[in-house]
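The values are calculated or read from the model by the stated rules, or taken from the named source; none is laboratory data. None of the values given here were measured: they were computed from a predicted structure. Every residue, glycine as well, gets a Cβ built from its backbone with ideal geometry; the counts of neighbours run over all protein chains shown. Note: areas computed on protein heavy atoms with side chains; ligands, DNA, RNA excluded. Shrake-Rupley method; radii C 1.70, N 1.55, O 1.52, S 1.80 Å.
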Amino acid sequence: MGLTRDLGRRIELKSMDPHCHDISLGLYRQQTVEGSSYLVHTYSAHEDAPSRVSEIVRGLVEVAGMVSLAEQPGLVTFPCGGRHEKALRRSFLEVCKLPGSEIGGVLPLVRPDKKAECELTIESLGAGSYRVTAPAAAELGPRRCQAVSRGFAKLCEMDSDESQPCVVRFGCGMEHDALMGALFFRAQNVRSAMQEDELAASRGTLAAPGSQDGNP
Amino acid sequence: MVVGDDQAAAVPGEMTSRERVLAALAGSPVDRTPVCNPTSVATVELMDLVDAHFPDANRDAEKMSRLAATSYTELGFDSVMPVFTIIQ
């Protein structure tokens, strides 16, 4: 009788994709022999839905550095086999914001930073560790490097060390350059990312007329 | 609405949803705990599943019933609330 499928645990949902007829897109976690794998799925039967799902999967591969499972088409996983789900959820939502024509390519590890008035660089130190650096001449560089590092720690659930405030590390100990590039601009302004999350979480919440904005 | 297990009676599956809910409301034995939602049930995924989206499902009777039915067919609720009236 039911049409819904057991797709695993849904860890994120794009409720209305503006680039594909407002279909919903879910990101599901499944356990495979390779570890945790992830599936992008929509229950929409719209004719454009399959291609949109493919675009999102391609985005997760090309932008977030995931890999497709050869034996199980449609499933992707991190090369380390780990979860990194907070970062993955954020990456999924960021990819969903883009039309198919704009999805693709690893984002750079160098970005201009308005607050520091210079470029910030993410250096890979190996074993999953990364340092955020700024030119020596940038007066606000060190402070912004620490702030961006904290941003990464929050967004990607990375480990940080008080003795090295500009260094963060993935718990798996593996490189995730693409993921760092994908979330770099978010790490530069974590507050807006958190506000966006709160807004998305509250969307669709029914409220009594008397407690709604603009009502006397 | 959930009824405690101490009211469980016969073999699960012996009662229809209607029988189960009415029995629970009457304080009579039930085959399993009924699960009802007196308000409407609608998610974006269910809307995609049966191609009955808001706001059309608020106004079109056929879409409204198709979406409302999913609370039973997909989620296994013992109730269906057939009307969506979201006032915002």
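Overview of values
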| quantity | calculated |
| --- | --- |
| Heavy atoms of B:M47: accessible area, 1.4 Å probe, square angstrom to 10 | 20 |
| Nearby lysines by direct alpha-carbon distance to B:K63 (threshold 27 angstrom, same-chain neighbours under 8 apart not counted) | A:K14 |
| Interface area, B with A, accessible, probe 1.4 Å, both sides summed, Å² nearest 100 | 1200 |
| Anisotropy class of the protein assembly as shown from Cα gyration tensor, a/c 1.5 cut | prolate |
| Average partner coverage of A:14-22, which counts Cβ from other chains inside 10 Å | 2 |
| With DNA, RNA and ligands ignored, accessible area of A:S163 (1.4 Å probe; Å², nearest 10) | 90 |
| The range B:26-74, accessible area per residue, ligands and nucleic acids excluded (1.4 Å, Å²) | 47 |
| For B:50-57, mean number of other protein chain Cβ atoms within 10 Å | 2 |
| Chain A - percent of accessible surface contributed by carbon and sulfur, probe 1.4 Å | 51 |
| Net lengthening on full extension, A:A45/A:S163 (0.36 nm per residue, minus Cα-Cα) | 37.2 nm |
| Cα centroid separation - the range A:21-71 against the range A:101-118, whole Å | 25 |
| Distant-in-sequence amide H partners of A:C118 (H built 1.01 Å from N, under 5 Å) | A:D113 |
| Solvent exposure of chain A as accessible area per residue, Å², 1.4 Å probe | 53 |
| Choice from A:E162, A:E117, A:E85 showing the highest fluctuation, given a GNM over chain A with Cα pairs closer than 10 Å | A:E162 |
| Shielding by partners - mean other protein chain Cβ count within 10 Å, residues of A:44-55 | 1 |
| At least 15 Å along the helix axis (C-alpha) and Kyte average at least -1.0, DSSP helices within chain A | A:49-62, A:85-96, A:141-156, A:190-202 |
| Chain A - Cys residues lacking any other Cys C-beta under 4.7 Å | A:C20, A:C96, A:C118, A:C156 |
